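Engineer: The structure that follows is given in the form of structure tokens.
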Amino acid sequence: MHEPNPITLAAKASDEPEFRPIGVGPWEEEHPGEPRPDNPESPNYDARFSAELLDEGDQRNVLDRYRYWKVEAIKADLDSKGRHEFEVAVENWTHDFNIGSMVRTANAFTAKKVYIVGPHKWNRKGSLMT
């Protein structure tokens, strides 16, 4: 076995947690005293907000402006800005390694289309929620 690299040793010695929390907590903790945006009687009512995410917090890897938003609302907002004209082609010539990641990335950058060249059998779990 080899010695850990000096950066790893320094990080472990710093007492920082190995995994930092991602995202935000429940709405009441993050915005005390502010009305919930999913309440129709609230002055900031916005149907794009998810009651579940407001209750439990949002640990998804999304831009801050999309925190607490429903997935459908995020997709609709991205689509309203228009799709880019570029298209992505992925060649599936040996196995489906990271095709799902390519599809997610293409969607994140609002690609017009994604083509899979070669066998169309691939694990679609990696592209879920896109």
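No value in this document is a laboratory result; all are computed from the given coordinates. Computed from a predicted model, the values in this text were never measured in an experiment. A quick note on method: Cβ atoms are made from the backbone with ideal geometry, for glycine too, and the neighbour counts reach across all protein chains shown.
Engineer: Taking the mean number of other Cβ atoms within 10 Å as a proxy for protection, how do you rank 80-87, 29-36 from highest to lowest?
Structural biologist: Values: 80-87: 9.9, 29-36: 11.4.
Listed from highest to lowest mean packing, they are 29-36, 80-87.
Engineer: Oh, and also: Where does region 59-112 land on Rg(C-alpha)/(2.2 N^0.38 Å)? Each step should come with its number before you reach the end.
Structural biologist: Values: Rg = 13.3 Å, N = 54, 2.2 N^0.38 = 10.0 Å.
Rg over 2.2 N^0.38 Å, computed on Cα atoms: 1.33.
Engineer: Now for a different question. Modelled label-to-label distance, N98 and Y66, 7 Å Cα→beta-carbon offset: nm?
Structural biologist: 2.1
Engineer: Would you mind getting me the FRET efficiency between D55 and D15? Use the beta-carbon distance for r and R0 = 22 Å, nearest 0.05. Don't jump to the answer; show the numbers that get you there.
Structural biologist: Details: r = 32 Å, r/R0 = 1.44.
So the FRET efficiency works out to roughly 0.10.
Engineer: With a cut-off of 8 Å between alpha carbons and a minimum separation of six or more residues, what is the relative contact order of region 16-81 in percent? Write down the numbers at each step before the final one.
Structural biologist: Numbers: 69 pairs, mean separation 20.7, N = 66.
Result for region 16-81 is 31 percent.
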